[in-house]
1. Among residues other than residue 253 whose Cβ falls under 12 Å from its Cβ, what is the net charge (Lys/Arg +1, Asp/Glu -1)?
2. Taking the Cα centroid of region 360-379 and of region 132-173, what is the distance between the two, rounded to the nearest whole Å?
3. What shape does region 274-495 take by its C-alpha gyration tensor, where a ≥ b ≥ c are the square roots of the eigenvalues and a/c under 1.5 counts as rounded, a/b above b/c as prolate, and the rest as oblate?
4. Over the chain, what is the relative contact order in whole percent, taking alpha-carbon pairs under 8 Å and six or more residues apart?
5. Using the Karplus curve 6.51 cos²θ - 1.76 cosθ + 1.60 with θ = phi - 60°, work out ³J(HN,Hα) for each residue of region 131-148 in order, rounded to whole Hz, and write x for Gly and Pro.
6. Can you tell me the convex hull volume per residue for region 24-264, based on C-alpha atoms, in Å³ to the nearest whole number?
7. Would you calculate, for the chain, the mean residue ellipticity at 222 nm contributed by helices, counting each DSSP H stretch of 4 or more residues as -39,500 (n - 2.57) and dividing by all residues, to the nearest 500?
8. Considering every Cα-Cα pair within the chain, what fraction, in whole percent, is farther apart than 34 Å?
Amino acid sequence: MRRTLPLLVALATLPAGPAAAQDVESVLQAAGKAMGAPSSVRYSGTGWVANVGQSHTPADDWPRFEMTAYSRTIDYDARSSRETYTRRQGDYPALGGGTPLVGEQERTLLTSGDHAWTLRGSDAVPQPAAADVRQLDIWTSPHGFLRAAAAADDADAVDVVLEGRELTIVSFTAMGHRLNGTINEDDLVERVLTWVAHPVLGDMIYDHRYTGYQDFGGVMFPTVIHSHQGDPRLNPGHNSMEITVTEAAADVDAEPLAVPDNVQGATVPPVVVRSTQMASGVWRIYGGSHHSVAIEFADFIAVVEAPQNEARSLAVIAEIRRRVPDKPIRYVVNTHHHADHAGGLRTYVAQSATVITHEANHEFYDAVFFHPGTRALEPDLLSGRMPWFAPNRVPAYELVGDDGYTLTDGERVVNIHPVLRLGHAGTMLIVHLPAERILINADLYSPPAPGADPPAVTASMRSLAQNIEQLDLDVARHVGVHGLVGSHVDFMRLIDGE
Ligand SMILES: [Zn+2]
Ligand SMILES: [Zn+2]
């Protein structure tokens, strides 16, 4: 539910006396007086940005990239924001999804009203699914928080002592999200915390800490912005961004942000699922950016990969039902723990499928991913079927260690192998059908369309080739969770640089 925030009535400049603890209006007035109440801000600096959901293993933090130049302009009246940064691998370890980042990359993230888009070169790429969080980002900024709190009809304030310091927590609802912010003894917004829906982490903590305030030409602005996505108590992956602010200005003459025509009417595209038979009882299920493979056994079906989210899983399951109406889906193989590849697993768990995953994922999946905690922002099938599907009862796991794992009914054989020495993820599994000579991989090699330019050889492709050789796998066809189906001959031609 998106709610338009009414424009804020200018904050009255009352003297900043000792605020009555529960009087939210005077707390906000004091903060507005201390911080200024600009209609727009622009700030810039350097820092790092993380690839959220793409840790090397669940025991690691999100992988980081250096930001050599960051700048952001927020127009509170227009509800618009333009964020631009240049990122590169820098000195951060090339472990996790998206690493190593080759060269420098400029990214521009925009929002205006209910619209969100990015720039590819000078082309606008609509991002309708990002609009909610991009708008929320405006109201979690230091001055945005005060404006949204003043405009909310349910704001309250409470004095607390946290880690030995007296702070005031201001809470309210904006755009259907609960926002909590702490105001410190100098009447400055120090921390703003809310939750956003995430397919793996559920109601995911989204937390910004604002410290080292300085006066930038009459407006107070933090010199350090540190952000979390994920709960640090549960998940080593939580540090998402840090900016050291070197310049800030209020009430800037920003060009009003025009929403491009192709962004205006953009909506979240429907889930598309198609399937083709690759061999007897083997179907490739595709249609989006991430694919699955269904494998039929005598009495059951196993699915390789449950990517993205519940909407995709439900559509994939419906397609499997169409192909094989009378057998239960008993197993789901999870290639690795990255959020875009694991996000649909809960839907299968809610139907009592056994999850085949790398043993390094077990603790995180039990404690966080399949935990029966609340998913208030986006309830899914599994949250509605707790506690029957609580950890350590269901889901059942088959954990894959160094020796691999074989799924068989005596007839069909499917071998699941861990991929060793891989920078992309330390939890990676590949799936081999020896009789059909099919190898399924995620994020290592995405077979291109026939006639397309051959992809550049990456470290992940070399790892895949080494693992195939070491495991002595007989492969004729590669099936990518991304990309298409390609021959092993073509793959080896790339690797050998012919
Ligand atoms: Zn990945
Ligand atoms: Zn991927």
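A short reminder: the numbers here are calculations on the coordinates, not readings from a lab. Here the structure is a predicted model, which is why all the values come from computation and not from measurement. Cβ sites come from the backbone with ideal geometry, for glycine too, and all protein chains shown count toward neighbours.
1. On the way: positive: 42; negative: 75, 251, 255.
Neighbourhood net charge equals -2.
2. One Cα centre to the other: 27 Å.
3. It comes out prolate by the Cα gyration axes.
4. Numbers: 1152 pairs, mean separation 59.0, N = 498.
That works out to 12 percent.
5. 4, 4, 6, 4, 5, 4, 4, 5, 8, 9, 6, x, 7, x, 4, 5, 5, 5
6. Measuring per residue, one finds 131 Å³ for the Cα hull of region 24-264.
7. -4500 deg cm²/dmol
8. When every Cα pair of the chain is considered, 42 percent fall beyond 34 Å.
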